[in-house]
Structure formats: C-alpha cells, structure tokens
Amino acid sequence: MYAAFRSIGSYIPENILTNHDLEKMVDTSDEWIVKRTGIKERRIANKDEVTSDLGYKAALQAIERSDISVDEIDMVVCATLSPDYLTMPSTAAMISQKLGIKNVMAFDISAACTGFVYLMSLAKSFVESGAKKNILIVGAEKISSIIDYEDRSTCILFGDGAGAAIIGQTEDKNEAIIDVLASANGNFGELLITPGGGSKNPIREDNVKDKLQYMKMAGNEVFKVAVKTLTNDVIEILAKNKIDASEVDMFIPHQANYRIVEAVRSKLNFPIEKTALTVAKYGNTSSASIPMAMNDMYESGRVKHGDLMLLDAFGGGFTWGSALVRFAGKNFTK
Ligand code: ACO
C-alpha cells in the first residue's frame, strides 16, 4: 500500500495588511520591504478568528475536493507555531471538533515552517504501514498573535492563513508520495525563537513586560543557512530518487522571502513558470506557506493530476525537509 496526495485546500483571511499600512506602524518603507523580501502584503485573521478556525476552513475545502467524507478520516494532524492554546487542547483536536470528527487520533506537531513537510512524512508512514487510511493534515497559523508590531525585523515578514490536504491509500505506485526527507538541528534554536510562554520563561508579568511571548529572529544569519539548506535538500532528494530536476512539474518552496526562493531556484535551474511564488501577497505563513502556495497553483491549473511536485522547507529549530509528491487528486474545476 502506498500513500497518495488526494486533495489540497486553503483558507486566506480577508483582511489585508499592506507595506504602506506597516509604514505607519514601524520605521520601514514599502521600497525596503519589496527590495529585501518581495512581500507587498499579507493577510491578518480577525480578532475573533483563531488558528483552528483557519485550519477548519482549509480542511473543509480539502475534504470537499477529495473522494472521501468526513466520517472516513481516521487521523488529524496539525502543524502550527501559533496554536489556539499553548499546551492543550491541541489545535488538531479543535479542528476535529469543528468538523464533527470524534474518536480519532488528533495531535499537533511543532516544526515551524517545515511543519507541512513533517506532516507529509508522518502521514506517509502511517498510511504505508496500514495503520491509517485517510489522514487530514493541516498547516494553520495565526502568526499575528505572536508578532510584536513594534519590531520591524519580524512584523513585515509574516501573515496568517491555512492549508490542508487529504493523504489516502493507493495500490498504484504512479500515484504515490515518492519520498520525504526531514531533519532538525537544535544548535541553531536561538536564531529563530519565541522565548516566552513555555517552561523556560513562563507567562509572568516580568517576561511579558520583556515581550518574550513574541517571535525573535536573527534574520541575516537565518537567511544564509536557509539558502544553503534549501538548495542541498533538493539536490539530496533528487539524487536519492534518481530523478532529474527537469522531470519536476512544480517546485513549491517555503515562501519566506523572494530572494531566498530566487537564489534556490536559479541555483537548481528550475524555470520560473514551474516555481510557486506567492510570498508577495501572503508573506511568510510558516507551516501554511507550502499548502497555500500549492493551492494557488492548483486553482490556477498549474498543478494537475499526475504532476510531480517538489516541496522544500526550512524553519525554526532549525528544521528542514523536502518531499517528492505526485498530485493524485482531481483536476481543479470551479
Ligand atoms: N525596514 C527598514 N529597515 C530595516 C528593516 C525594515 N523592516 N528591518 C531591518 N532593517 C535594517 C536593519 O536595521 C539593517 O540596518 P543597518 O545596516 O543600519 O544595521 C539593514 O536594514 C539590513 O538588515 P539585515 O537584517 O541585514 O537585512 P537582510 O537583507 O538580511 O533582510 C530579512 C532581512 C528580510 C529578515 C532577511 O534576512 C530574511 O528573509 N531572513 C530569513 C527569514 C527566513 O527564512 N526565516 C525562516 C523561516 S521562518 C520560520 O521558521 C518561522
């Protein structure tokens, strides 16, 4: 039995935060942000919307586009760095509750921007072992809830959103998720970190005053490792599976920064038309960035049944990973 990528869906919050809006909030400019990151705007969830609401809406779309009903889902996993609650209940449990799914395993994983690739690895193993048949995987983020909108080094980069997919079973090798590679190295942990709220710096008045509940990033140092790692990931997974870059129909890298995507794309000679680029309109949505980008490609007809997708991610931890995946869902129709 193989694991097949059966459907993709996303949810994009309505509110738009433009670079010009940010100019009024911190010492920055539209010109600087576009030049250094390629980002023009990002979406921000409503005050009363929580991460599981975004994940739930993306999941509804993914389920509707698959051949299965909600009742057939036997596992729900969510990747997020901005969960509804810090410790419990999990965001996956909240998504399950909103979908009316009961009595199936539901849990979150923490792998920052690599979350969706980690989910692919998990879902592939559970399906291939025969333990589960139809797994809902969700990357959902209300990152605006952990951003300091007085810190120009982070607030210009991130946005909210969610993406979801159904991973099912197949006996047809041509439909299978081919391979997933994923790794982590905690030595780089402090370069990209939300220091407060956990057991190290619990929620206390002094820690909150020091703004430890917000994400901090040593952007320039992260940038250099990101480019190198994202490039090596692709070289490794293609070589391991004896697949040439020209056989890839759609390269879907994590959407952190246009310059990072462009550096990796040009090093590996992927044509622009075969590279997903959505960072200009959504910013960095962490674990949701790859499925949101994939959904855009799907809805524009650039990802079709049988196409070979190459996913490539990098994030806090550091974590990183890549996946070679055949799109085994139906072609998009309006
Ligand atoms: N507006 C104007 N100026 C700014 C801003 C801003 N928003 N932010 C920083 N600057 C200034 C700095 O203070 C610095 O000024 P100085 O030269 O006088 O000291 C100058 O601009 C250059 O700053 P750098 O940090 O060197 O700028 P860089 O070109 O590296 O761009 C950026 C910064 C966009 C953050 C980039 O480093 C980046 O994209 N890093 C990687 C992000 C990433 O991939 N993260 C991983 C995934 S995210 C996750 O897992 C959650």
### Around residue 27: net Lys/Arg minus Asp/Glu count, Cβ-Cβ under 15 Å
-4
### Query
Using a Gaussian network model of the chain with C-alpha springs under 10 Å, which one of 157, 230, 86 is most mobile by mean-square fluctuation?
86
### Query
Quick one: how many Å² of residue 235 are accessible to a 1.4 Å probe, rounded to 10?
90
### Task
Starting from the eigenvalues of the Cα gyration tensor, five times each then square-rooted, give me the equivalent ellipsoid semi-axes of the stretch 7-84, largest first, whole Å.
34, 13, 11
## Note on the structure
Per-residue accessible area, 1.4 Å probe, largest first, puts 302, 42, 65 in the order 302, 65, 42
### Query
Roughly what % of Cα-Cα distances in the stretch 158-237 sit above 17 Å, to the whole percent?
69
### Message
From the P(r) of the stretch 264-334, could you give the percentage of C-alpha pairs in the tail past 15 Å?
### Response
59
### Query
Tell me, what % of the accessible area of the chain is carbon and sulfur with a 1.4 angstrom probe?
50
### Rounded Å value of the spacing that divides the Cα centres of the stretch 205-259 and the stretch 69-118
23
### Most mobile listed residue (234, 303, 222) in the chain, GNM with C-alpha springs under 10 Å
222
### Query
Using θ = phi - 60° and the Karplus form 6.51 cos²θ - 1.76 cosθ + 1.60, what ³J(HN,Hα) does each residue of the stretch 44-58 get, whole Hz, x for Gly and Pro?
10, 5, 5, 4, 8, 8, 10, 4, 5, 5, 5, x, 4, 5, 5
### Summary
Note to self: with every protein chain in place and a 1.4 Å probe, the stretch 119-158 gives an accessible area per residue in Å² of 33
### Task
Please go through the stretch 4-112 and write out the GluC sites (Glu not before Pro) that DSSP classes as loop and that have at most 12 other C-beta atoms within 10 Å.
14
### Query
Check residue 109: other-chain or 5+ apart residues with amide H under 5 Å from its amide H, H built from backbone geometry?
78, 79, 80
### Task
For the chain, go through all pairs of different Cα atoms, get the mean of 1/r, take its inverse, and jot down that Kirkwood value in Å.
19.7
### Most mobile listed residue (266, 110, 144) in the chain, GNM with C-alpha springs under 10 Å
266
### Query
Shape of the stretch 2-173 from its Cα gyration tensor (a ≥ b ≥ c, root eigenvalues): rounded if a/c is under 1.5, otherwise prolate when a/b > b/c, or oblate?
prolate
### Query
Under 5 Å between amide H atoms, partner at least 5 residues away or on a different chain: which partners does residue 251 have, H built in plane at 1.01 Å?
275, 276, 310
### Task
Return the sequence-ordered ³J(HN,Hα) values of the stretch 310-324 in whole Hz as given by the Karplus equation 6.51 cos²θ - 1.76 cosθ + 1.60 applied to θ = phi - 60°, using x for Gly and Pro.
10, 9, 8, 9, 8, x, x, x, 5, 10, 7, x, 9, 8, 10
### Task
Step through the residues of the stretch 92-99 one at a time and calculate ³J(HN,Hα) from phi using the Karplus curve (6.51 cos²θ - 1.76 cosθ + 1.60, θ = phi - 60°), rounding each to whole Hz and writing x for Gly and Pro.
4, 5, 5, 5, 4, 4, 5, 7
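The values are calculated or read from the model by the stated rules, or taken from the named source; none is laboratory data. On a predicted model such as this, the values are computed, not experimentally measured, just so you know. So basically every Cβ, Gly included, is an ideal-geometry build from the backbone, and we count neighbours across all protein chains shown. Protein only, heavy atoms only, side chains kept; ligands, DNA and RNA dropped before computing areas. Shrake-Rupley method; radii C 1.70, N 1.55, O 1.52, S 1.80 Å.
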